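The values are calculated or read from the model by the stated rules, or taken from the named source; none is laboratory data. Nothing here was measured: the structure is a model prediction, and the numbers come from that model. All Cβ positions, glycine included, derive from the backbone under ideal geometry; neighbour counts span all protein chains shown. The protein model used for the area step is the full one, side chains on, heavy atoms only, and it has no ligands, DNA or RNA in it. Shrake-Rupley method; radii C 1.70, N 1.55, O 1.52, S 1.80 Å.
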Amino acid sequence: MAGLGKEYKSGEVIFRQGDTGSCMFVIQDGEVEAIAESDGREFRLRRMGPNDFFGEMALFEKETRTATIRTTKPTRILSIDKKNFLGGIHEDPSLAFRIVQTMSHRIRDLTDRLARYEQQK
Amino acid sequence: MVEGLELLTGKAPKPHKGKAMTLGDGSRVAVIGAGPAGSMFSYFFLSMAETIGLDVNVDIFEPRGFCHRGPAGCNHCGGIVSESLVQRLATEGIRLPDCVVQRGIESYTLHMDVGDVEIATPLMEKRIAAIYRGNGPRSSEPLDTHSFDGYLLDLAKQKGARVIPRLVTGLRREKDSMTVQCADQSSDTYELAVVATGVNSRLTEMLGNESGEFTHPDRTKTFICEFHLGRKLIRETFGPSMHVFLLDIPRLEFAALIPKGDYVTLCLLGEDIDEALIDKFFSAREVRERFPDGVIPGHVCHCYPRINIREATPVYGDRLVLIGDSGTTRLFKDGIGAAYRTSKAAAKTAVFHGVSAEDFKNYYAPLCRKISNDNRVGKFVFSVATVVQKARFARRGILSMTATEQQQVDSPRRMSGVLWDLFSGSASYTDVFIRTLHPAYVGNLLRNLVAANLPGGRSRDRRNADEGNGRVRH
Ligand SMILES: Cc1cc2nc3c(=O)[nH]c(=O)nc-3n(C[C@H](O)[C@H](O)[C@H](O)COP(=O)(O)OP(=O)(O)OC[C@H]3O[C@@H](n4cnc5c(N)ncnc54)[C@H](O)[C@@H]3O)c2cc1C
């Protein structure tokens, strides 16, 4: 009974690449993986655990989800809706600090991967 | 001794000319009180200082030990962490652990003489937390739980704050600092003093008494008690729902039963809640029906805490700022959320701008004004609720409209949304009020008022039959 968020079983898809959405998610407990799907094949981008968030791009742009998110074990996830988030940022822009920080880590990670990929080519 | 006037207006003695009132490496900050406001201030202040490489020290003065059960370890409140605050804390990276969350709340059940209706979140997700401020009710079994205030204080300690378990009895302004005096006669000086003592403290009272220019927050007496019913019974009778009562009892503004683990918390807010009002509440049929066999059990813990109903003024001075309940908070709702907002705004001002009265006036006071203005709208909203409490036909209309909305899946849930945000404190009163002016809301309400009050109308009789999705009883 205790605990916040919504419960998902292992292997459940939270959202799919190409879906539209208007909220971000924060993992309360458990683990998910981010998967890119291309030509019917799946590539795991990263795993995320408690306190990590995903789906944040939907808060800033109207594009579709860029990856599929699937649980790897029973997981509890809290959703953050756009209205609450943007309302919060309006009053206190520093609320976005952690998201910007994480997005910056992700860009760095992707840049490293791209560089490695270019070297291997 | 508290030098209220000089202290709060920053009039005398004048700060040393030439010395900027900004914090630098080695600056010391005193935070008085470790309720949500004090701990969150310390946490955000130290986090922000870290991001800009500022090496500052924070001492938190707090005599209370949050590990105790009963009043000794508790800051007396209903214990609802609003949906908006849960989301904002999660965005900040503050995840409320399961040991702190006594129960995730999924819905509100509104009880009136004309019927009951359950208002569920469309997401079917628990985004409201029921917590204990201390370590559970008096005489409760040792729980595998953790106090909410204790958890926030631990976060502040992890960031480097030092806790001094002493009661502060005085504040004195020096040339370039503030002196904090404690009950054991010890004293120390700081570059900034942050008052986060809430409204149940004598410190703000003393500030008010000794100064003609400082008005301490206006307060009124409330009531909280805890019933031990056991987890199983609570699951069966209350579920993950907070039960709110709209009853025609003078001076009662808000009444709720909040399920938590093995206990249910009763919270009564209004104007000077006293025993006569409490007796009247307990004798209401709608309340008795919530309990097994219609009998209200004895409570295991109770208190009459005070609640802030008007802000302190001013809420800042040179090297001094009042946050949370001791300064400005939201009327009757989401006090913890207001503690988060005011503590963070004060921390930002101190780190990025300075600690003079002018800095707080420019960067901190606007938020306090925004909250106070919203409270004015809140007062009006509560006065409308009082009219509804008295008008049976209005209650029928509200019940009918909410019940209808809850059975529809895709249409907008205007009344449910208004009630949800009003009960949970998740939206501002202004936002709630504006939504009630929407033509569709007004039109629907009028339609339901007529339909529900016609002879044989859908809500004319109290029928405790489950309908539709099993969530509506009317
Ligand atoms: C009946 C009732 C129900 C409520 N329900 C809710 C609810 O469900 N949800 C919600 O969000 N809000 C609720 N509130 C409001 C909420 O309790 C307050 O807004 C919140 O506690 C404010 O936090 P704070 O840190 O400003 O003050 P407090 O929580 O009061 O903390 C003040 C701290 O300062 C310490 N202190 C006091 N004096 C001194 C001193 N001289 N020296 C050192 N330390 C000192 C105290 O020990 C205490 O720890 C409720 C209030 C009441 C009265």
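Which is the longest stretch in chain B that no exposed loop site breaks, taking sites as trypsin sites (Lys or Arg not before Pro) with a DSSP loop state and at most 12 other Cβ atoms within 10 Å? Between exposed loop sites, the widest span is B:176-462.
Helix B:36-51 and the long axis of chain B differ in direction by around 60°, with both axes built from C-alpha atoms. This model, with +1 at the C-beta of Lys and Arg and -1 at the C-beta of Asp and Glu, gives the stretch B:149-270 a dipole about its Cα centre of some 380 debye. So how tilted is helix B:83-92 from the main axis of chain B? Cα-based, degrees 0 to 90, rounded to 10. Result, in degrees: 40.
Across the stretch B:103-119, coupling constants 3J(HN,Hα) worked out from phi with the 6.51/-1.76/1.60 Karplus curve, θ = phi - 60°, read 6, x, 8, 10, 7, 10, 10, 9, 10, 9, 5, 8, x, 10, 8, 9, 9 Hz, and Gly and Pro carry x. Protein-only accessible surface at a 1.4 angstrom probe places the residues A:118, B:236 in the order B:236, A:118, largest first. Across the options A:45, A:23, A:69, the greatest Cα extent toward the positive end of the charge dipole of chain A (unit charges at beta carbon of Lys, Arg, Asp, Glu) belongs to A:45. Normalised by 2.2 N^0.38 Å, where N counts its residues, the alpha-carbon radius of gyration of the stretch A:6-120 equals 1.11. Note that the stretch A:36-50 has calculated 3J(HN,Hα) couplings of 9, 10, 8, 6, x, 9, 10, 10, 7, 8, 6, 10, 9, x, x Hz, one per residue in order, obtained from phi through the Karplus relation 6.51 cos²θ - 1.76 cosθ + 1.60 (θ = phi - 60°); glycine and proline are x.
Accessible surface buried at the A:B interface totals approximately 2700 Å², computed with a 1.4 Å probe on protein heavy atoms. About its Cα centre, the protein assembly as shown has a charge dipole of approximately 760 debye under the convention of +1 per Lys or Arg Cβ and -1 per Asp or Glu Cβ, with nothing else charged. Counting Cβ atoms of other protein chains within 10 Å of each Cβ in A:91-102 and taking the mean gives 4. Taking 7 Å steps out from each Cα toward its Cβ at residue B:187 and residue B:123 produces label points 5.1 nm apart. The stretch A:24-74 and the stretch B:93-123 have Cα centres lying 27 Å from one another.
Placing +1 on each Lys and Arg Cβ and -1 on each Asp and Glu Cβ, with no other charges, gives the stretch B:238-330 a dipole about its Cα centre of roughly 200 debye.
In loop segments of the stretch A:24-111 as defined by DSSP, the GluC sites (Glu not before Pro) with at most 15 further C-beta atoms inside 10 Å of their C-beta are A:61, A:63. Ranking B:200, B:41, B:129 by how far each Cα lies toward the positive end of the dipole of chain B (charges on Cβ) leaves B:129 at the top. Dividing the C-alpha radius of gyration of the protein assembly as shown by 2.2 N^0.38 Å, with N its residue count, gives 1.01.
Counts of other chain beta carbons within 10 angstrom of each beta carbon in peptide A:70-81 average 3. Accessible area per residue (1.4 Å probe, heavy atoms of protein chains only) ranks B:309, A:27 as B:309, A:27, with the largest value leading.
Ordering B:220, B:326, B:402 by the projection of their Cα atoms onto the charge dipole of chain B, which places +1 on the Cβ of Lys and Arg and -1 on the Cβ of Asp and Glu, puts B:402 at the extreme positive end. Angle check, please: helix B:335-352 long axis (alpha carbons) against the longest principal axis of chain B (alpha carbons), in degrees 0 to 90, nearest 10. So the helix axis and the longest Cα principal axis differ by about 30 degrees. For the stretch B:62-73, putting each phi into the Karplus relation 6.51 cos²θ - 1.76 cosθ + 1.60 with θ = phi - 60° gives couplings of 8, x, 7, x, 6, 7, 7, 8, x, x, 4, x Hz, in residue order, rounded to whole numbers and with x for Gly and Pro. When you filter the GluC sites (Glu not before Pro) in the stretch B:268-360 for DSSP loop state and at most 16 other Cβ atoms inside 10 Å of their Cβ, you are left with B:271, B:289.
Of the beta bridges in chain B, as assigned by DSSP with both residues counted there, near 70 percent are antiparallel. With a cut-off of 14 Å between beta carbons, the residues surrounding residue B:76 carry a summed charge of +4, where Lys and Arg count +1 and Asp and Glu -1. Quick one: pull the percent of accessible area on chain B belonging to carbon and sulfur, 1.4 Å probe, ligands and nucleic acids left out. About 52 percent, which is the carbon plus sulfur part of the accessible surface.
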